[in-house]
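Structure, as structure tokens:
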Amino acid sequence: MTFDRRVAVVTGGGQGIGAAAVMEFLGRGARVAVLDLDCAPLDAQLAGDGVAPGLASRCLRVSGDCTNAAVVSAFFDRVESAFGPVDILFNNVGQSARERGAPFVESQEEVWRFVLEVSLLTAMRASRRVAPGMKARGFGRIVNMSTDAAFVGDVGLADYAAAKMGVVGFTRSLARELAPHGVTVNAVCPGAIRTRAHDQLNPEVLARIVADTPAGFIGAPRDVATAVAFLAGDDARFITGQTLLIDGGRWML
């Protein structure tokens, strides 16, 4: 499966799962645009030993805040100018409260609002930008990042679970709206994946997640990236509105 002549956007693609998806798309021939607060880890990865020559030239990296509507609008303007219309959108950006996380009864509303903004509204905002063009052209792939915490309901992650279950509902509604126009919309829900952001979780929360994972180990970013690439490809044309859990069996639909 290749993505020759396809244009893909990955939000939050500077590291972790996002960067793995960027490398997956580039390796399959796509032109890829990335918006992230910090693109330095991806820059280093693209410049590293063993990376095929020319990949970096097909990757537009823009440093910016995905929660800032003006920044997002300017980013998509730049992508369309450089590469053309967007065919694939991976709404990857998002995070839990991390070090500000707490049991719900001790949590703060300002933290909830941050988590909802970065984990749900960013996906809605970016999708709103690309969906009209996808609909008009009769083709498009949108993959949204959720989490298995939305289904399991991990203690200490109430705001994150709420935001990411919102992503699932958004995915289903948008999928139904766009399906007649050749556009698919799906969600992926990773479990325990080894990333720098994952290491910032409360150690007790992380330990419970790993203990509850039947596979018995933490996954790698590429475990998610390959699933995203499948959902973004032509072979997945009859799959839409679905939620794929990539979590070693921690939650089974």
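The values are calculated or read from the model by the stated rules, or taken from the named source; none is laboratory data. These figures come from a predicted structure and were not determined experimentally. Methodologically, a virtual Cβ is constructed for each residue, glycine included, from the backbone with ideal geometry; neighbour enumeration extends over all protein chains shown.
Step by step: first the residues of the stretch 44-57, then only those that are exposed (fewer than 15 other Cβ atoms within 10 Å of the Cβ) and touching a helix residue (DSSP H, G or I) at 6+ places or on another chain (Cβ under 8 Å), then the one that is modelled with the highest pLDDT. Which residue is that? If you could, list the steps in order and put the result at the bottom.
Narrowing the stretch 44-57 to residues exposed (fewer than 15 other Cβ atoms within 10 Å of the Cβ): 44, 47-54, 57.
If we keep only those that are touching a helix residue (DSSP H, G or I) at 6+ places or on another chain (Cβ under 8 Å) too, we end up with 47, 51-52.
Working: ALA47: 93, VAL51: 89, ALA52: 86.
Top of the filtered list is ALA47.
When only residues in the stretch 135-148 that are crowded, with 21+ Cβ neighbours inside 10 Å and in a loop (DSSP other than H, G, I, E, B) count, which is nearest to the chain's Cα centre (by Cα)?
Step one: list which residues in the stretch 135-148 are crowded, with 21+ Cβ neighbours inside 10 Å, which gives 140-148.
The next check asks that each one be in a loop (DSSP other than H, G, I, E, B); those that pass are 146-148.
Values: SER146: 8, THR147: 10, ASP148: 13 Å.
Top of the filtered list is SER146.
Taken across the stretch 105-113, residues that are at pLDDT 95 or above, within 29 Å of THR240 (Cβ to Cβ) and either touching a Ser or Thr at 6+ places or on another chain (Cβ under 7 Å) or not acidic (Asp, Glu) (or both) do not occur at all.
So is VAL130 more than 14 Å from SER96 (Cα to Cα) and surrounded by fewer than 21 Cβ atoms within 10 Å (Cβ to Cβ) or not? When the stated conditions are applied, VAL130 does not pass them. Out of PHE151, PHE170, one residue alone is among the aromatic types (Phe, Trp, Tyr) and over 22 Å from ILE88 (Cβ atoms). It is PHE151. For first residues located in the stretch 191-218 and closer than 17 Å to GLY18 by Cβ and assigned to a helix (DSSP H, G or I), partners that are β-branched (Val, Ile, Thr) and at pLDDT 75 or above and lie 6+ apart or on another chain with Cβ distances below 8 Å form the pairs HIS198/ILE218. Of everything in the stretch 127-162 that is touching a residue at least 40 places away in the same chain (Cβ under 8 Å) and of a type in the set (Lys, Arg), the residue that is farthest from PHE230 (Cα to Cα) is ARG129.
When the stretch 149-169 is filtered for residues that are farther than 16 Å from VAL115 by Cα and either crowded, with 22+ Cβ neighbours inside 10 Å or not aliphatic (A, V, I, L, M) (or both), the ones remaining, listed by number, are PHE151, GLY169.
What do you reckon, is THR171 of a type in the set (Ser, Thr, Tyr), in a helix (DSSP H, G or I), within 16 Å of the chain's Cα centre (by Cα) and at pLDDT 95 or above? Quick ask: steps written out before the conclusion?
Values: of a type in the set (Ser, Thr, Tyr): yes; in a helix (DSSP H, G or I): yes; within 16 Å of the chain's Cα centre (by Cα): yes; at pLDDT 95 or above: yes.
Yes: the conditions hold for THR171.
Applying the criterion of being buried (at least 19 other Cβ atoms within 10 Å of the Cβ) and out of contact with any strand residue (DSSP E or B) (no Cβ under 9 Å at 6 or more places or on another chain) to the residues of the stretch 72-120, the residue that is farthest from VAL183 (Cα to Cα) is GLY101.
Restricting attention to the stretch 174-215, the residues that are modelled with pLDDT under 85 and not polar (S, T, N, Q) add up to 13.
Say we look at the stretch 49-104 and pick out the residues that are part of a helix (DSSP H, G or I) and under 22 Å from VAL224 (Cβ atoms); which of these is farthest from the chain's Cα centre (by Cα)? Spell out how you get there, then give the answer.
First, pick out the residues of the stretch 49-104 that are part of a helix (DSSP H, G or I): 56-58, 69-82, 98-100, 104.
Then drop every residue that is not under 22 Å from VAL224 (Cβ atoms), which leaves 58, 98.
Working: ARG58: 20, ARG98: 17 Å.
Once the filter is applied, the top-ranked residue is ARG58.
Taking the stretch 220-253 as the range and being farther than 14 Å from ALA149 by Cβ and part of a strand (DSSP E or B) as the test, only LEU244 passes.
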